1. Sum up the charges of everything whose Cβ sits under 14 Å from the Cβ of residue 203, counting Lys and Arg as +1 and Asp and Glu as -1, but leave residue 203 out.
2. What FRET efficiency comes out for the pair residue 115/residue 191, r = Cβ-Cβ distance, R0 = 35 Å, nearest 0.05?
3. Multiplying the sequence separation of residue 200 and residue 264 by 0.36 nm and subtracting their Cα-Cα distance, what value in nm do you get?
4. Points 7 angstrom from Cα along the Cβ direction at residue 143 and residue 130: gap in nanometres?
5. Rounded if a/c is under 1.5, else prolate if a/b beats b/c, else oblate: with a ≥ b ≥ c from the C-alpha gyration tensor eigenvalues square-rooted, which is segment 139-271?
6. Once fully extended, how much extra length lies between residue 277 and residue 217, figured as 0.36 nm per residue of separation less the alpha-carbon to alpha-carbon distance?
7. What length, rounded to one decimal in nm, is gained on full extension from residue 102 through to residue 46, with 0.36 nm per residue of separation minus their alpha-carbon distance?
8. Keeping all protein chains in the complex and leaving out DNA, RNA and ligands, what accessible area do you get for residue 194 with a 1.4 Å probe, in Å² to the nearest 10?
Amino acid sequence: MVQLTTHESNPTMNGMDPALKPRLRRRSAFEYAAWTVCILLGVGLLVSVSTNPNFQWDVVAKYFTNESILRGLVLTIYLTVVSMVLGTLLGLILAIMRSSSIKPIAATAGVYITFFRGTPVLVQLIFWFNIAALYPNLSIGGTDIDVNALITPITAAVVGLTLNQAAYMAEIIRGGFSSVGKGQIEAADSLGMSGMMKMRKVIIPQAMPSIIPATGNQVIGMFKETSLVSVLGVAELLQSAQLIYARTYETIPLLIVASLWYLVMTLLLSYPQSQLEKKYSRSSSRLPRKAKNVVLTDPEGIAR
């Protein structure tokens, strides 16, 4: 058995390298002044917000756990999860198509990605909600389908968000594929792996460190993007707040309630995202240990 051992010619081998020791930095007067200004602005804003009666914090507290608001929150979470799962799966297929050496397949995926990334998601949602104006009836296998009855507001929301998200996830996944070294792919080809096996065993596992952190950002973005489906009449979080203040005329407090829930859920989603980034991201801030005087030795310690 042959083992690879390394020896580093470092005069500080038994201690910490001076270059790696944290250095103390003297704070400048400008930095202290900047901190003072920021603290004063923050305290002033906090006092203004807390003492202004027009914010109606008692109304905010009253509706924060209102049943309609919580139902809208649950629907928002549902739309986020379903759209992200379906969008990621479709994005993976599009990324594989985009990376294909067959030109028509790659071109088709490219046109899809360009179209859905190049048009506003709000326009796409409204389009899918009104798709029955173009195709009022569909015939599949001899069965007629009433498109107007099929495309409900929630269905249009899921379809629109999923198709739009798939275009962005396709580019994220394709970028992850590009991060895999060509040597890895050539090694897989030399082993006679098929295209699907190479994708499952080599490319996807090594692309995950690049894909997962960006996907976490997309999840947070999708959660906030679901507010757009309120134009379709879907009673998600924002629409639930709008329905209440349309009846009570307490517009600002209800918008604050919706904003606070968006903020709370974003913070909750940010924590697992940060943990995934720490686990999978390839941090460039880590200083690599340079191996010098590499020597091959056998178990008896005899150099080879």
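1. +4
2. 0.40
3. 19.4 nm
4. So the label points at residue 143 and residue 130 sit 3.0 nm apart.
5. oblate
6. Gain on extension, residue 277 to residue 217, equals 20.6 nm.
7. 14.2 nm
8. Looks like 60 Å² after rounding.
The values are calculated or read from the model by the stated rules, or taken from the named source; none is laboratory data. Predicted model, so just to flag it, every value in this text is computed and none were measured. In this analysis, Cβ positions are derived from the backbone assuming ideal geometry, glycine residues included, and neighbour counts consider all displayed protein chains. Each accessible area value is taken on the protein alone, full model and side chains, heavy atoms only, with ligands, DNA and RNA left out. Shrake-Rupley method; radii C 1.70, N 1.55, O 1.52, S 1.80 Å.
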